[in-house]
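The structure appears below as structure tokens.
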Amino acid sequence: MTDNRHYRALELDKILSMLADCTGCDDSRRLALETAPKTTLREAKRLMDYTSDAHMLSRRFGAPTLRGVKNVCGSLKRAQMGATLSLPEFLEIERFLKALREMKDFRSNYEGEKATSLDPLFESLMPNIRLEEKIGYTVVSEDEVSDTASPELASIRRKIRNSQAKVKEQLDHMIHSPTYQKYLQEPIVTMRDGRYCVPVKAEYRSEIKGMVHDTSGSGATIFIEPAGVVEENNETRVLKAKEQQEIQRILYELSCDIGNHAAAFIEDYSAIVELDLYFAKARLADKMNAAVPALTDDGKIILKKARHPLIDKTKIVPVDVSLGCDFDVLVITGPNTGGKTVTLKTIGLLTLMAMCGLMIPAGEASSVSVFENVFADIGDEQSIEQSLSTFSSHINNTIRILEKADDRSLVLLDELGAGTDPVEGAALAVAIIEKLKLYGAKLAATTHYAEIKMYALQTPRVENACCEFNVETLSPTYKLLIGVPGKSNAFAISERLGMDGSIVDRARELVSSENANFEDVVTKLEESRQKLEKEHEEAERFRVETERIRAEMAKQKEEMEKNREKELEAARASAKRLVEQVRAEAQKLVDEIIETKKAAESDSSEDMAARARAQMKTGIARIQDIADPISGGGDDYRLPRKLIRGDTVRINGMSKDGTLVGLPDGAGYCTVQVGIVKSKVHISELRLVESKSKKNTLGGGSVTKKVESTSRRSAALEVDLRGMDAEEGVLEMERFIDECVLMNLKTVSIIHGKGTGVLRSAVHQALKKNKAVASFRLGAYGEGETGVTIVELK
């Protein structure tokens with residue numbers, strides 16, 4: 001970000017520091033700190049689209065990260081020029097190639113999903129798995145090349161190990177030999193100048209033939225390479241030289257291979273750093289519970305439930321504020337510490353964030369305009385060194401703003417006209433407002449002056465606002481009220497704090513009559529507003545409760561209809577199966593009779609067959625009559641006894657039992673309660689429920705048929721999977737979705753908690769494969785956030 005004092009006054013630099021903390025590498029962190037607001041709608045929308053799509057992808061699939069990746073462009077350019085890279089450089093390039101591959105693989109997670117604005121960046125990435133693996137099996141660490149780098153290197157190192165083993169074997173034999181032990185300072189083999197030696201006492205130098213490579217500091221020990229191992233040590237030395245030559249050849253060849261792809265890798269590095277910045281913006285949005293605002297360039301700002309992002313979100317009071325719609329100037333008044341300056345900063349900071357492509361902590365219906373300039377004069381900038389008072393400092397800032405402001409400017413002025421004589425300060429403040437209004441700038445200013453409040457009341461496109469203050473508790477509520485001028489409440493606060501009433505009364509007498517009348521009007525207006533607000537809240541509560549009861553009743557009615565149809569179908573299906581079974585048995589019996597009598601052509605056989613068919617038809621007709629036990633045969637039902645209150649009864653045509661709560665009136669109508677619904681039903685439509693089963697006699701035997709409701713599914717709109725493992729949670733979720741589909745529900749919630757994210761990931765994978773799911777998303781602010789997934793069913 002450029003060093004802009006207006007941006008710093010609105011604390012944009014602190015937001016960018018928070019953004020930098022969400023990045024994964026040094027270069028994306030640098031980009032975050034250098035982020036500057038875009039002054040054209042096209043550029044601002046482009047950045048916002050990137051952030052919005054990154055936020056959507058990270059919510060659904062998680063976010064990729066570049067942890068541990070460093071800038072390798074310098075090494076890549078050296079390799080491109082033919083230089084041999086060092087082992088640490090190879091390891092850094094390997095980490096970059098791994099991050100590049102993982103970023104490209106992340107794109108495959110949403111293969112088949114709708115296109116996003118980030119797709120061109122993802123598609124530009126060109127991973128090189130071959131080169132990544134080649135570096136992996138060549139370089140072991142920052143100071144070691146692997147034996148697998150080449151067959152020649154493996155062969156040389158094998159010969160070196162064999163040669164060294166022979167030397168050690170000879171020397172081990174020597175140091176453990178009784179003949180030589182008395183000549184040795186210690187029975188060990190040591191290394192001097194890359195050659196194996198033994199420590200010999202100085203006085204026995206002539207007893208062991210060989211080359212002297214070193215002596216101890218005291219001169220008492222001489223390190224001698226025995227003559228018997230000189231040739232083998234020479235062979236090891238030659239092999240070591242060959243090993244270094246082979247390593248240099250391997251590293252040069254690998255460097256050339258990297259250099260051939262350096263240009264593409266440098267572009268890929270820039271792309272993944274840019275992608276990391278956009279996913280960092282998505283992470284910051286999650287931390288702030290932010291939303292994507294609509295962007296315009298018409299100078300209109302509409303913020304719903306806006307919160308200042310640097311204040312604890314559990315303590316901040318969201319505000320609704322607009323500017324540029326019905327008015328171009330907003331004058332905010334009220335007592336100190338009431339939230340005026342916070343409101344001013346919220347307007348400016350959220351505007352700058354949106355212009356930087358950052359999601360803002362406000363409601364989804366919010367809209368922000370892109371401005372050419374955002375000016376802010378906020379806070380006390382008194383300078384002793386420059387001999388500037390608070391008033392002089394503010395005036396200097398205001399003069400610079402007036403020089404640059406135009407119709408594409410947003411201007412925010414705190415305590416306008418303060419720090420000097422109130423009369424002159426108020427007049428100067430009104431003149432400044434008029435000049436900025438003439439320029440067409442959008443202006444929000446805070447003040448205590450009654451003259452500016454009056455100006456706002458009398459001037460078109462200028463509006464009052466105030467931060468509400470509770471005189472009873474002597475504390476601000478931080479609610480912003482548009483269209484209402486604020487009061488300083490100095491007299492009321494003084495009285496509440498215990499000041500002598502006579503002093504306060506005298507102070508009221510000293511206030512001009514115009515100011516007193518104005519304050520009285522404001523007081524009455526505020527009282528009326530609070531009364532209307534309470535009445536509105538009460539009416540809204542009644543409306544919500546009425547809607548809830550109406551919805552519950554409609555839902556219960558729908559469930560009752562569904563259950564009735566299901567039970568009717570179940571009863572008919574059961575009866576149909578019974579009829580088919582009896583028909584099959586009867587037909588089988590007739591076939592047997594015909595087969596038995598087929599040989600005899602007598603009339604008696606035909607008569608017997610005819611009688612059998614007649615009996616079969618009669619039996620089938622009788623069975624078909626009882627195949628629909630719900631709809632037929634119920635007219636002859638009589639109550640077995642007189643009904644009393646509390647009896648369990650069933651209404652004809654319904655599948656649910658109810659309770660008799662009112663005895664029959666003169667017309668024979670009873671009051672029956674089914675669930676929470678009470679209704680009047682004629683006694684002829686009631687059946688007394690005394691047993692769950694009903695016996696139907698068929699022929700000489702009896703058949704017991706039990707018709708039981710199969711609709712036992714819960715009407716809940718959510719399922720809680722917390723405490724379950726991934727497999728158990730997915731099974732429970734699938735069962736719940738099946739039930740919701742049968743109940744024709746459209747929107748349901750899956751509660752999986754935040755935790756480690758394992759259960760959430762398993763749920764999301766299962767939802768993607770479920771054919772009944774139209775779409776799903778994580779919960780927004782107020783819905784449970786990342787602990788809940790909202791599912792839309794087909």
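Tabulated data
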| item | result |
| --- | --- |
| Proximal lysines to LYS435, defined as alpha-carbon separation beneath 19 angstrom and excluding residues fewer than eight positions away on the same chain | LYS404, LYS453 |
| Cut-off under 5 Å, modelled amide H: who pairs with ARG192 long-range | CYS197 |
| Cut-off 10 Å between beta-carbons: net charge of the residues surrounding ASP320, Lys and Arg +1, Asp and Glu -1 | +3 |
| Fully extended contour minus Cα-Cα distance, from GLU253 to GLN185, at 0.36 nm per residue | 19.7 nm |
| Set of aspartates and glutamates near LYS479 by C-alpha distance (under 15 Å), chain-local residues within fewer than 8 positions excluded | ASP320, GLU468, GLU526, GLU533 |
| FRET E, pair ARG638, SER270, Förster distance 56 Å, beta-carbon r, rounded to 0.05 | 0.05 |
| Cα pair distances exceeding 15 angstrom across segment 1-97, given as percent | 73 percent |
| Listed peptides 22-35, 536-549 by packing density, highest first (mean Cβ within 10 Å) | 22-35, 536-549 |
| Sorted peptide list for 49-56, 179-186, criterion being average Cβ within 10 angstrom, highest first | 49-56, 179-186 |
| Net charge of neighbours whose Cβ lies under 14 Å from the Cβ of PRO460, counting Lys and Arg as +1 and Asp and Glu as -1 | -2 |
| Segment 148-304 - Rg (one decimal) and Dmax (whole number), Cα, Å | 32.2, 102 |
| Rotationally averaged projected area of segment 289-435 (alpha carbon convex hull; nm²) | 9.8 nm² |
| Net charge over other residues, Cβ less than 14 angstrom from the Cβ of TYR196 (K, R count +1; D, E count -1) | -1 |
| Highest to lowest packing among 126-137, 352-363, scored as the average C-beta count within 10 Å | 352-363, 126-137 |
| Cα convex hull of segment 403-446, projected area averaged across orientations, nm² | 2.9 nm² |
| Long-range HN-HN contacts of PHE776 with modeled amide H, under 5 Å | GLU792 |
| Residues whose placed amide H lies under 5 Å from that of TYR478, excluding near-sequence neighbours | GLU468 |
| Normalised contact order of segment 118-223, rounded percent, pairs of Cα under 8 Å and 6 or more residues apart | 13 percent |
| Phi-based couplings in Hz for segment 287-304 (Karplus 6.51, -1.76, 1.60; Gly and Pro marked x) | 4, 8, 6, 8, 10, 8, x, 6, 9, 9, 10, 9, x, 9, 10, 10, 10, 10 |
| 1.4 Å probe accessible area per residue over segment 17-135, in Å² | 48 Å² |
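The values are calculated or read from the model by the stated rules, or taken from the named source; none is laboratory data. For clarity, every value in this text was computed on a predicted model and none was experimentally measured. Here the Cβ is made from the backbone with ideal geometry for all residues, glycine too, and neighbour counts use every protein chain on show. Surface areas here come from the heavy atoms of the whole protein model, side chains and all, with no ligands, DNA or RNA. Shrake-Rupley method; radii C 1.70, N 1.55, O 1.52, S 1.80 Å.
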